[in-house]
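One structure is given below, encoded as structure tokens.
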Amino acid sequence: MRNKSVAVLDIRSSEICAVIAEKGVNNTFIIKSKYTRSYEGFAEGELLDQEDFIKAVRAVVSGVISSVEIPVKQIFVGVPCEFVDVEQTDKVISFQSSQKISARHVENVTEASFPEDREGWTIVKYGALYYVLSDLRRLIDPLGMVSDSLRARMSFMSCRTSFIETVTRALKPFSSIRAIEWLPQNYTQGLYLFAPEKRDSYTILFDFGYISSTFNVICGDGVAFSEAFSVGIGHVAVLLMEALDIPYNVAVTLIKQVNLNAKDKRASVEECNVDGKQYSFSASELRDLIREGLDGVCEMIETCIQSFTPKDLTSAPIYITGEGVGVLRGTIEHFSSRLVTPMEVVSPKLPYYDKPRFSSLFSLLNAALDG
């Protein structure tokens, strides 16, 4: 492939998407080929159906490769946070006298920061949360500063080796692909969705997925905290399915119809026709059940906030993105009210693709093209 084009594989909890693209003007992207396929997904750090996953990967990669005239030699894989572990280190190197911090100094403290290898995990990315000089100034970029020491708070992101092996096996039939790069989704989203000045301090990013969601704290060029849990908008549909004794696809249809911000009129009903059968339920009852499901997600978020010890983020704004955003009207307002904190949707600033469900894809593309 020409250097300005990249191939990426975006893996979400409901679908897999392969794309070949290049940079456009004004921070846009030119999509040359794009194929998407749904699959069984993942939960609790495991693929629900490994063979189904492999078939889906091969289908979308085959689709994009067959549509371009030049061979794909490298592919960038977005690693879902269910398969990512984040580890921080804190190291200091000292100098005999004060000197101007150079790139070599940064390289030395980075090398000294690497954690020990762990069985079952492979480090795939790392970045600095911040650096500290001898006068205790905390900086994102220390180059050119004068100090007699350099401390680095680093973030190392590891991928489950079993996931790497499964994806590698899925890509084995494509003989032209000689290199696979692994990019954690929380890392790429943090760098793409937030400007550098926003990342000067701890910033919460909540990726609300379909059957898996992730609470992240972004800082500098790394991830200060990350916790994935197997709950998403799909689990709210399961709650409806079980409570109302209806098929799953009916529950999904109802969720897309309900508006949590609607005025609570006890006599109103929600109706839908699925597969030729008519369903009718109390709108008030539906909203109460859905709120109950969303409250379970809020409890997960509250637990994560309490688990993050470097700073009290209890009232910090939460930035939300992901494939679960926008499915149900009133979700953001309910989250904000329940958590008693401001919540703001973040998404790619792109024509047509300016929706939260595209955040992982274009964050991956941005990282791949900048790499």
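Structure summary
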quantity: Residue tally, condition crowded, with 19+ Cβ neighbours inside 10 Å and outside any helix (DSSP H, G or I), over the stretch 60-74; calculated: 1
quantity: Odd one out for Phe281, checked against (1) within 20 Å of Ser359 (Cβ to Cβ); (2) hydrophobic (A, V, I, L, M, F, W, C); (3) in a strand (DSSP E or B); calculated: (1)
quantity: Residues of the stretch 230-278 that turn out to be of a type in the set (Gly, Ala, Ser) and either outside any helix (DSSP H, G or I) or more than 27 Å from Ser13 (Cα to Cα) (or both), as a count; calculated: 6
quantity: Test: residue in the stretch 299-307 that is open to solvent by less than 10 Å² (accessible area, probe 1.4 Å), in contact with a helix residue (DSSP H, G or I) (Cβ under 7 Å, 6 or more places away or on another chain) and either farther than 30 Å from Asn27 by Cβ or outside any loop (DSSP other than H, G, I, E, B) (or both); calculated: yes
quantity: Single match in Arg178, Arg118 (criterion: touching a Lys or Arg at 6+ places or on another chain (Cβ under 8 Å) and under 29 Å from Glu46 (Cα atoms)); calculated: Arg178
quantity: Residues satisfying the stated conditions in the stretch 125-175, i.e. in contact (Cβ under 8 Å) with a residue 24 or more places away in the chain, outside any helix (DSSP H, G or I) and either exposed (fewer than 14 other Cβ atoms within 10 Å of the Cβ) or charged (D, E, K, R) (or both); calculated: Lys125, Leu143, Gly144, Val146, Asp148, Arg151, Arg153, Arg160, Pro173
quantity: Selection within the stretch 11-59 - of a type in the set (D, E, K, R) and either part of a strand (DSSP E or B) or open to solvent by 80 Å² or more (accessible area, probe 1.4 Å) (or both); calculated: Glu15, Glu22, Lys23, Lys32, Lys34, Arg37, Glu40, Glu44, Glu46, Glu51, Lys55, Arg58
quantity: Matching strands (runs of 3 or more DSSP E) fully within the stretch 176-225 where at least 2 residues are within 16 Å of Asn366 (Cα to Cα); calculated: 179-184
quantity: Among residues of the stretch 308-321, those that are among the hydrophobic types (A, V, I, L, M, F, W, C) and either open to solvent by 20 Å² or more (accessible area, probe 1.4 Å) or in a loop (DSSP other than H, G, I, E, B) (or both), counted; calculated: 3
quantity: Residue list for the stretch 285-298, filter: open to solvent by 10 Å² or more (accessible area, probe 1.4 Å) and of a type in the set (A, V, I, L, M); calculated: Leu289
quantity: Unmet requirement for Gly324, which otherwise passes all of (1) closer than 24 Å to Gln88 by Cβ; (2) small (Gly, Ala, Ser); (3) open to solvent by less than 30 Å² (accessible area, probe 1.4 Å); calculated: (1)
quantity: Condition check for Glu197: without any contact (Cβ under 8 Å) to a residue 60 or more places away in the chain, open to solvent by 20 Å² or more (accessible area, probe 1.4 Å) and under 30 Å from Asp90 (Cα atoms); calculated: yes
quantity: The stretch 1-10: number of residues that are open to solvent by 30 Å² or more (accessible area, probe 1.4 Å) and touching a strand residue (DSSP E or B) at 6+ places or on another chain (Cβ under 6 Å); calculated: 1
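Quick grid of which residues meet (1) over 22 Å from the mean Cα position of the chain (by Cα); (2) open to solvent by less than 30 Å² (accessible area, probe 1.4 Å):
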| position | (1), (2) |
| --- | --- |
| Asn186 | no, yes |
| Phe206 | no, yes |
| Val238 | yes, no |
| Met241 | yes, no |
| Thr253 | yes, no |
| Asn259 | yes, no |
| Val269 | yes, no |
| Ala283 | yes, yes |
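Each row is one residue, and each column tells you yes or no for (1) surrounded by fewer than 23 Cβ atoms within 10 Å (Cβ to Cβ); (2) of a type outside the set (Ser, Thr, Tyr); (3) touching a helix residue (DSSP H, G or I) at 6+ places or on another chain (Cβ under 9 Å).
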site: Ser201; (1), (2), (3): yes, no, no
site: Ser213; (1), (2), (3): no, no, yes
site: Phe229; (1), (2), (3): yes, yes, yes
site: Pro247; (1), (2), (3): yes, yes, yes
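The values are calculated or read from the model by the stated rules, or taken from the named source; none is laboratory data. As the structure is a computational prediction, the values presented were derived from the model and not from experiment. When we count neighbours, we look across all protein chains shown, and the Cβ atoms used for this are built from the backbone with ideal geometry, even at glycine. For the accessible areas, the whole protein counts, side chains as well, though only heavy atoms, and no ligand, DNA or RNA atoms are used. Shrake-Rupley method; radii C 1.70, N 1.55, O 1.52, S 1.80 Å.
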